[in-house]
1. Taking a point 7 angstrom from the Cα of residue 157 along the C-beta vector, which residues in the stretch 182-203 have backbone N less than 15 Å away?
2. Starting from 0.36 nm per residue, how many nanometres of slack lie between residue 6 and residue 173 once their C-alpha separation is accounted for?
3. In the full protein assembly as shown, how much of residue 114 is accessible to a 1.4 Å probe, in Å² to the nearest 10?
4. Using Cα positions and a limit of under 15 Å, work out the aspartates and glutamates in reach of residue 162, with same-chain residues fewer than 8 apart set aside.
5. Relative contact order for the chain using alpha-carbon pairs under 8 Å, separation at least 6, rounded to a whole percent?
6. With every protein chain left in place and a probe of 1.4 Å, what is the accessible surface of residue 151, to the nearest 10 Å²?
7. Send over a whole-number figure in Å² for the accessible area per residue of the stretch 93-215, probe 1.4 Å.
8. Which order do 132, 123 take when ranked by solvent-accessible area (1.4 Å probe, heavy atoms of all protein chains), largest first?
Amino acid sequence: MAKKKKKKFYVVWEGRDTGIFDNWPECQKAIQGHPGAKYKSFESKSEAEAAFGDSYHKHYDYGGKKKKVLTSEMRKKYGTPNWETIAVDAACEGNPGVLEYQGVETKTGKLLFHQGPFPQGTVNIGEFLAIVHGLAYLQKKGLGDVPIYSDSRTAIAWVRRKKANTQLRPSARNQNLMQIMRRAELWLRNNEYANPILKWETKAWGEIPADFGRK
């Protein structure tokens, strides 16, 4: 029997709308187009309610390891993000699991493209497809010099090699995703691009603007 997907609650501290949302689509509407939106998912409504009354920073690393505090010298190493870019990210419920990816304007958070959900995929495949989709999107718009940010070193390496080195085995559930992945590899082999693909430095800058906010 398939395991029932656990419900999550989303807190938006700063966005077009603020509050507690019991589904991702409503949360996404509340944050899209708002630069620097502050939001996070929680496992229960009571946790979300308690968090909404606190500051965003207090709960940013909820459920995980606390971020390493960077010194001013360490921050100089990373510099600041280039805001005249696009950012991409993927989300996977399980790995493998239900997969989707998206791309946004880094500066504003405006959604540029979104694909999924795919019934079975991995986060690395999603990150890879997001970068290639971003490259194709920018090429179509005639924006050949606009950089792309990704927080996945693995996906960036796959794109540079023009090959998705996934261990996911083909199946009836992922047939469509595998076809899209092969088309992405073919696009990389058949197209030239000048767009820099940059690593988003999460530990210095926070979550990538394309993040789905489900951590």
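The values are calculated or read from the model by the stated rules, or taken from the named source; none is laboratory data. Just so you know, these numbers come straight off a predicted model, no measurement behind them. Methodologically, a virtual Cβ is constructed for each residue, glycine included, from the backbone with ideal geometry; neighbour enumeration extends over all protein chains shown. SASA here: full protein model, heavy atoms, side chains in, ligands and nucleic acids out. Shrake-Rupley method; radii C 1.70, N 1.55, O 1.52, S 1.80 Å.
1. It comes to 199, nothing else.
2. 58.0 nm
3. Residue 114 exposes around 60 Å² with every protein chain in place.
4. 127, 185, 192
5. After rounding, I find 19 percent.
6. 40
7. It amounts to 49 Å² per residue over the stretch 93-215.
8. Ranking 132, 123 by accessible area, largest first, yields 123, 132.
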